[in-house]
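**Q** Dropping the structure in here first, questions after.
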Amino acid sequence: MSEFPSIVPSTVFGKSAPSNRIQVGIIGCGRNAIGHDIPQLARFGEARIIAVCDVDSDRADACSEIIRENYVAAIQENGGLRGDWEIAVYYDYREMLLNKEVDAVVISLPDHQHAVVCVHAVQAGKHVYLQKPATLTIEEGKILRDAVLATGKIVQLGSQQRSLDPWPQFKRAAELVRNGRIGQLQQIEIGLPVDPAGGNRILQPIPGGLNYDAWLGTTPEVPFMEDRVHNRSKGRDTIHNRPGWLRCEQFGGGMITNWGSHHIDIAHWAMDMEYSGPIEIWGKAIFPQTDNKYDGLWDVHGKCRTEALYANGVHMIISSESPNGIRFIGTDGWIWVARGAYNLNQGLPIIGRNGIYPLYASNPSLLSSVIAAHEVQLYESPEQHLNWLECIQTEQQPIAPIEVGHRTCSTCLLHWMSMKLEKKIYWDPSRETFSKPDPEATALLSRPRRKAYDF
């Protein structure tokens with residue numbers, strides 16, 4: 001009787017072997033987690049999601065089934081893991097952090113929760129994938145940065161425009177700028193979308209299943225309003241609902257920290273300022289009036305224009321009047337980059353559905369310029385979550401480490417301060433403090449935090 005060789009799945013060996021697989025917990029089961037983080041992680045055999053947590057029990061309970069659906073989709077798409085294991089459900093992230101089977105966590109929470117939960121996670125020995133912006137204040141950013149460096153855990157910011165999947169054009173644009181293809185960089189123009197005013201101010205009972213006090217976290221106690229938090233949709237419906245907290249200054253800065261985190265990150269990457277920041281910042285914005293019950297609830301900035309000067313002479317302009325994307329302007333031309341489907345080998349760019357090119361230049365031929373071996377070769381990441389997983393396994397730093405995320409967030413917050421104060425502020429990025437005495441600006445470096453939910 002002849003013997004036939006056994007066919008052994010590739011997942012038995014290497015980084016995807018069960019013994020090397022990273023066990024991941026999801027903290028926050030809202031729009032970003034369901035629409036982005038979970039589907040991406042399910043693609044990769046290097047990890048498996050074994051736990052979920054949300055202070056809204058409806059969302060947490062629904063999330064385990066959503067995870068299984070994503071693993072089924074991953075099997076059909078690329079032969080991923082089956083996903084037939086138990087998924088633990090938690091309503092308090094501190095309980096999840098006690099689970100020694102969880103090696104790493106994805107923090108996909110509202111902005112005001114990022115710093116405290118991430119500090120607790122790394123102190124509990126977990127690696128972290130942290131959604132941007134890194135923190136609510138610059139003071140929190142310093143605390144978070146120091147905690148991560150003290151523990152040595154791998155923390156990746158969700159600045160996915162750096163990775164080749166799904167937008168390879170951002171790395172390409174940054175490399176071309178860094179290598180002088182447009183001459184000496186002089187100016188960067190960043191366009192942001194605009195948040196609407198509005199929001200229902202009618203008081204409502206706290207829904208059953210939502211631990212609203214824990215949701216508020218370190219921020220002040222305020223009455224529950226659905227448009228201040230998130231609507232009660234769960235499951236896949238959550239993907240399509242932009243939560244109200246994104247438009248409340250108590251929980252975040254608005255578009256300057258939301259989209260600004262993405263675009264300023266790429267701008268810093270292209271100008272070799274990832275570990276620094278601007279030295280002068282000024283600007284103005286329109287803020288909704290929310291003084292009485294007839295005005296809306298949402299109070300983040302609307303239309304804005306802020307500017308900054310860097311020590312290398314580069315002038316940055318951020319404006320809601322410009323299209324969503326980044327324009328690098330040099331002595332010999334310009335390069336424009338934005339989101340949209342793009343293939344680096346497709347030749348001339350194809351205009352996107354929104355009428356905007358994902359990558360273009362004053363001289364389109366420079367987009368196919370070859371970056372020589374002796375020139376600046378930027379960090380290459382295939383996909384943001386995969387890069388994080390591989391760095392956990394290799395103990396290398398990821399493409400968007402905590403210091404880079406902190407510096408990007410600090411710059412966003414400095415622009416926000418200039419909007420609020422409507423005056424020029426002077427920053428010393430090496431000392432991370434104001435270079436000229438400014439009590440008003442200094443007061444905005446931090447916010448009071450409720451002790452029950454503090455670091």
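**Q** Evaluate the stretch 79-88: report whether one residue or more is modelled with pLDDT of 95 or more and surrounded by fewer than 17 Cβ atoms within 10 Å (Cβ to Cβ).
**A** The answer is yes; a qualifying residue exists.
**Q** Sticking with this structure for a sec: Quick one: in the stretch 41-59, which of the residues that are assigned to a helix (DSSP H, G or I) and surrounded by 22 or more Cβ atoms within 10 Å (Cβ to Cβ) is nearest to the chain's Cα centre (by Cα)?
**A** Here the answer is L41.
**Q** Tally up the residues in the stretch 183-219 that are assigned to a loop (DSSP other than H, G, I, E, B), touching an Asp or Glu at 6+ places or on another chain (Cβ under 7 Å) and on the phi < 0 side of the Ramachandran plot, please. I'd like the intermediate steps shown before the answer.
**A** Within the stretch 183-219, the subset assigned to a loop (DSSP other than H, G, I, E, B) is 183-184, 192-209, 211, 217-219.
After this cut, where a residue has to be touching an Asp or Glu at 6+ places or on another chain (Cβ under 7 Å) as well, the list is 183, 199-200, 204, 209, 218.
This time we only want the ones that are on the phi < 0 side of the Ramachandran plot, so: 200, 204, 218.
Residues in the stretch 183-219 being assigned to a loop (DSSP other than H, G, I, E, B), touching an Asp or Glu at 6+ places or on another chain (Cβ under 7 Å) and on the phi < 0 side of the Ramachandran plot: 3 in total.
**Q** A follow-up question, please. Here are some residues: E101, E69. Which one is farther than 29 Å from P220 by Cα, out of contact with any Lys or Arg (no Cβ under 8 Å at 6 or more places or on another chain) and at pLDDT 95 or above?
**A** Just one listed residue meets the conditions, E101.
**Q** Looking at the stretch 361-378, which of the residues that are at pLDDT 95 or above and crowded, with 16+ Cβ neighbours inside 10 Å is nearest to N345 (Cα to Cα)?
**A** Among those that are at pLDDT 95 or above and crowded, with 16+ Cβ neighbours inside 10 Å, it is A361.
**Q** Continuing with this model, one more query. Hey, does the stretch 291-305 have a residue that's part of a strand (DSSP E or B) and either more than 26 Å from Y379 (Cα to Cα) or among the hydrophobic types (A, V, I, L, M, F, W, C) (or both)?
**A** Keep residues of the stretch 291-305 that are part of a strand (DSSP E or B), which gives 304-305.
In the following step, the residues that additionally are either more than 26 Å from Y379 (Cα to Cα) or among the hydrophobic types (A, V, I, L, M, F, W, C) (or both) were identified as 304-305.
Looking through the stretch 291-305, at least one residue is part of a strand (DSSP E or B) and either more than 26 Å from Y379 (Cα to Cα) or among the hydrophobic types (A, V, I, L, M, F, W, C) (or both).
Every residue, every condition in (1) outside any loop (DSSP other than H, G, I, E, B); (2) closer than 20 Å to T408 by Cβ, yes or no:
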| residue | (1), (2) |
| --- | --- |
| N99 | no, no |
| V106 | yes, yes |
| Y129 | yes, yes |
| K132 | no, yes |
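**Q** Can you list residue pairs whose Cβ atoms sit under 6 Å apart, with the first residue in the stretch 161-186 being at pLDDT below 95 and the second being assigned to a loop (DSSP other than H, G, I, E, B)? Count only pairs 6 or more apart in sequence or on different chains.
**A** That search, which allows pairs on different chains as well, returns nothing.
**Q** Just to be sure before I move on: is S319 within 29 Å of S430 (Cα to Cα), polar (S, T, N, Q), surrounded by fewer than 21 Cβ atoms within 10 Å (Cβ to Cβ) and out of contact with any Asp or Glu (no Cβ under 6 Å at 6 or more places or on another chain) in the structure I sent?
**A** Judged against the criteria, S319 is a match.
**Q** Of the residues that make up the stretch 91-104, is at least one under 22 Å from I399 (Cβ atoms) and surrounded by 22 or more Cβ atoms within 10 Å (Cβ to Cβ)? Write out each step before concluding.
**A** Step one: of the stretch 91-104, the residues under 22 Å from I399 (Cβ atoms) are 103-104.
So of that shortlist, the ones also surrounded by 22 or more Cβ atoms within 10 Å (Cβ to Cβ) come out as 104.
Scanning the stretch 91-104 turns up at least one residue that is under 22 Å from I399 (Cβ atoms) and surrounded by 22 or more Cβ atoms within 10 Å (Cβ to Cβ).
The values are calculated or read from the model by the stated rules, or taken from the named source; none is laboratory data. All of these numbers come straight from a predicted model, not from anything done at the bench. Note: ideal-geometry Cβ built from the backbone for every residue, glycine included; neighbour counts use all protein chains shown.
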